[in-house]
1. Restricted to the stretch 283-316, and to residues that are open to solvent by 70 Å² or more (accessible area, probe 1.4 Å), part of a helix (DSSP H, G or I) and charged (D, E, K, R), which residue is nearest to Thr273 (Cα to Cα)?
2. Go through (1) more than 23 Å from Tyr22 (Cα to Cα); (2) open to solvent by less than 30 Å² (accessible area, probe 1.4 Å); (3) in contact (Cβ under 8 Å) with a residue 24 or more places away in the chain one by one and return the number of the condition Pro192 breaks.
3. Restricting attention to the stretch 207-218, does a residue exist that is of a type in the set (D, E, K, R) and assigned to a helix (DSSP H, G or I)?
4. How many residues does the stretch 242-263 contain that are in contact with a strand residue (DSSP E or B) (Cβ under 6 Å, 6 or more places away or on another chain) and either open to solvent by 70 Å² or more (accessible area, probe 1.4 Å) or not in a helix (DSSP H, G or I) (or both)?
5. If Leu239 satisfies every condition in (1) of a type in the set (A, V, I, L, M); (2) farther than 30 Å from Thr295 by Cα; (3) out of contact with any strand residue (DSSP E or B) (no Cβ under 6 Å at 6 or more places or on another chain) but one, which is the exception?
6. I'd like to know if the stretch 330-352 contains one or more residues that are outside any strand (DSSP E or B), modelled with pLDDT of 95 or more and under 19 Å from Asp205 (Cβ atoms).
7. Restricting attention to the stretch 1-24, report how many residues are open to solvent by less than 10 Å² (accessible area, probe 1.4 Å) and within 15 Å of the chain's Cα centre (by Cα).
8. Please name all residue pairs, on different chains or six or more residues apart, with Cβ atoms under 7 Å, provided the first residue is in the stretch 230-247 and is among the aromatic types (Phe, Trp, Tyr) and the second residue is part of a strand (DSSP E or B) and modelled with pLDDT under 95.
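The values are calculated or read from the model by the stated rules, or taken from the named source; none is laboratory data. All values reported here derive from a predicted model rather than from experimental measurement. Neighbour counts are summed over all protein chains in view; Cβ atoms, including those assigned to glycine, are modelled from backbone coordinates with ideal geometry. To get the accessible areas, we keep the full protein, side chains included, count just its heavy atoms, and leave off ligands, DNA and RNA. Shrake-Rupley method; radii C 1.70, N 1.55, O 1.52, S 1.80 Å.
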Amino acid sequence: MKSLAILGRQPALGIAELESLYGSTWPLGSHAAGLDVAADEINFLRLGGSTKLCKLLTILDTTKWGEIEKFLLKSTPEHAALLPEGKLTIGLSLYGFKETKQRIQATGLSLKKAIKKSGRPIRLVPNQEPALNTAQVQHNKLAGELGWELVFVADNGKTYVAQTVASQDIDSYTLRDRSRPKRDSRVGMLPPKLAQIIINLATGDAEPAGKTVLDPFCGTGVVLQESLLMGFNAYGTDLEPRMIDYSGENLDWLNEQYELNDVEMRIEDGDATRHQWQPAPDFVACETYLGRPYTALPPSEQLFKNISDCNAIISKFLRNISKQLKPGARLCIAVPAWQIKKDQFRHLPLVDSLEEIGYNQIRFERVESQALLYYREDQVVARELLVITRR
């Protein structure tokens, strides 16, 4: 293990994403995943399911904070002396521990005192929670050359000690989400982070140059946007001409913001259940028809009707595009699942008959397929990510 990633709100998605891009991962508690890839070899800006990227420093055979603190007070001043000259900013983040923020703050102050004895100017970022959030990491430049966020992950009696080298760029996500000229809440608001995950699960570790990602339900173009930023060509279709206009305006805006080069984009009207895509794409990444939005669980009869309608449309789409894809072509499609009780979901019938439609479902080493769900606790309609290949 050379590096570790701190996972987002739904860790299963982050683990599957990392496995798709970088091979085997090791879940560490419920907050992190370890990788046998050096941090500087990971394209962190491409990841939607991880909030921090860290290089692994050491593994301690204890999770007792008193013992960890003694280790830190002994070793940290030596390491701090190796950093570039200037005022050092440090912060501590704990995952999987039961220590209070007051105890963590006390440890931080002790470290500050120990480093300051060597004559090094230093500032400590105070903990409002056991772990610093990405906004604190960014604002305090803790991933910069004079920043030092020490991350501690407890798992199975061991503590993984790491240093943050990158954190999610909140400002960039906000720009790409809320500053686009065309948005429409009535057709759903796909978060850019989720779009990244869908694309990464669809494309795996393929090099983007010259490869095309298709979104047959492109809406306002979020998947197309994120595909272009990753270096893929983007091909979008939608049944509604208004969405084609919206996607076009949003991608023109994107090009003005990021000066996209060496990528191609194409958008056209098309009913995904019968459209012919020319040329055939290399990958398919999309959010399909999610059915009616619900703020509360509807009566059973109404829910069953909605499920049936969604199942029919998505099945027709999958049968249509199957005839146009090469064997082995990979897709990640977000389909609806309905939360009928807390963390209990009703899935589309087609999920159990993918082979009959012409697909194989990809199995991940560390995550069950039905755990690939994106939702909030109070949300009825979730997005279930199906990662499949054309048979």
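1. Lys316
2. (1)
3. no
4. Restricting attention to the stretch 242-263, the residues satisfying the condition of being in contact with a strand residue (DSSP E or B) (Cβ under 6 Å, 6 or more places away or on another chain) are 244, 247-248, 251, 263.
Applying the additional criterion that residues be either open to solvent by 70 Å² or more (accessible area, probe 1.4 Å) or not in a helix (DSSP H, G or I) (or both) yields 263.
Residues meeting the conditions: 1.
5. Only one criterion is unmet by Leu239, namely (2).
6. There is no residue in the stretch 330-352 that is outside any strand (DSSP E or B), modelled with pLDDT of 95 or more and under 19 Å from Asp205 (Cβ atoms).
7. Step one: filter the stretch 1-24 for residues open to solvent by less than 10 Å² (accessible area, probe 1.4 Å), giving 3-6, 13-14, 16-18.
Filter again for within 15 Å of the chain's Cα centre (by Cα), leaving 4-6, 13-14, 16-18.
Of the residues in that region, 8 qualify.
8. Listed pairs, sorted by first residue: none to list.
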